[in-house]
1. Treating the chain as a set of equal point scatterers at the Cα positions, no solvent, please give the Debye-formula log₁₀ I(q)/I(0) at q = 0.13, 0.14 Å⁻¹.
2. Of the candidates MET49, MET249, MET20, which one comes out as most mobile in a Gaussian network treatment of the chain with C-alpha springs shorter than 10 Å?
3. When only C-alpha pairs under 8 Å and at least 6 residues apart count, what is the relative contact order of the chain, in percent?
4. What does the charge count near ALA262 come to, summing +1 for each Lys or Arg and -1 for each Asp or Glu among other residues with Cβ under 12 Å from its Cβ?
5. Only four residue types carry charge here, +1 at the Cβ of Lys and Arg and -1 at the Cβ of Asp and Glu. Report the dipole size of the chain about the Cα centre in Debye, rounded to the nearest 20.
6. For the range 96-168, I need the span (max minus min coordinate) of the C-alpha atoms along each principal axis, in Å, sorted largest to smallest.
7. Just the Cα atoms of the range 2-114, one point each, no solvent: what log10 I(q)/I(0) does Debye give at q = 0.11, 0.18, 0.24 Å⁻¹?
8. Could you work out the local net charge near ILE224, counting Lys and Arg as +1, Asp and Glu as -1, over the other residues with Cβ closer than 13 Å to its Cβ?
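What follows draws every value from the coordinates through simple rules; no lab data is involved. The shown structure was predicted, so the numbers you read here are calculated from the model rather than taken from an experiment. Cβ coordinates were reconstructed from backbone atoms using ideal geometry, including for glycine residues, and neighbour counts include every protein chain displayed.
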Amino acid sequence: MTVSHFSSSKFTGPVIVNPMAVPRPEIRHVLFDFDGTLSLIREGWLEVMLGMFQEIMPVSAHSTAEDDRRLLLDDITRLTGRQTVYQMIQLAERVRERGGTPKDPLIYKREYLRRLDQKIQGRIESLREGRHEPDQWLVWGARAALENLRGRGLALYLASGTDEAAVKVEARLLNIETFFGSHIYGALDDYKRFSKKIIIERILKENNITGRELMGFGDGYVEIQNVKEAGGFAVAVATDEAHNGAGQMDPWKRDRLAKVGADIILPDFRDVTILLQQLFAETGVSKADQ
């Protein structure tokens, strides 16, 4: 049985360590997801999307409203991290399965974004007008984590399933765009031209590196899976978005992220210094400490 070289006892908050996780001092490139991993501007998006899906889903005599809710919730969370349009494509398929005639997924996407914009417009305006500090809409400890990584000379990248134009605006409002420079990527109208997998492949190719030199942070199934498939080190941030700073994991995220093989699962970034010390083998942790 493989014993992890990471000592969970060193962490101040809850942590789940994959027994197969080992230090990676060779890491030089770090990919971040945006919504739910760094930004909380869109906190509550899941309820907005789920509510819309429940309205659109045709009723079936063979399932209850709760059955449908669980089905749709699983569809949404399984595709979290991919471009929003893929969740809409899945919705269209469910409508078709129920004998309905679905609308174009891009129409569903526009309606979802309209509803979400209504929910978050006040947050956007408060940031633009300076009524709220950017850190109020960042996951706990995120800025310190970005500063730590940049201080180590690592190259940082941001990739989101949210439309690229919106990601760039929100990253600027949160005052974190300078950490990523030109490496901010998001969903495109031609959705087949963008995916987190494509971004990872580009990072590896352009820098002539293997996945051993890549680390990824994310709260969605897709980005963790993509990082692991590339041979990278995957840190899952199982953020409880409604209780930022409470130091607790969202159970739904935690369980799904564990199943996809995350190396480390954290509730937020409060223990990022401890994580990086162990990741870069700077603490001399022994098995006796575990």
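1. Results for the chain at q = 0.13, 0.14 Å⁻¹ read -0.90, -1.03.
2. The residue that fluctuates most here is MET20.
3. Values: 485 pairs, mean separation 87.0, N = 290.
Once divided by the residue count of the chain, the mean separation gives 30 percent.
4. Working: positive: LYS228, LYS253, ARG254, ARG256, LYS259; negative: ASP219, GLU223, ASP255, ASP263.
After counting each charged neighbour, the total is +1.
5. Working: 39 positive and 42 negative charges, 98 e Å.
Computed charge dipole of the chain: roughly 480 debye.
6. Computed over the range 96-168, the largest-to-smallest principal extents equal 55, 31, 21 Å.
7. The Cα Debye sum returns log10 ratios of -0.55, -0.93, -1.40.
8. Values: positive: ARG78, ARG82, LYS196, LYS197, LYS228, LYS253, ARG254, ARG256, LYS259; negative: ASP33, ASP219, GLU223, GLU229, ASP255, ASP263.
Summing Lys and Arg as +1 and Asp and Glu as -1 gives +3.
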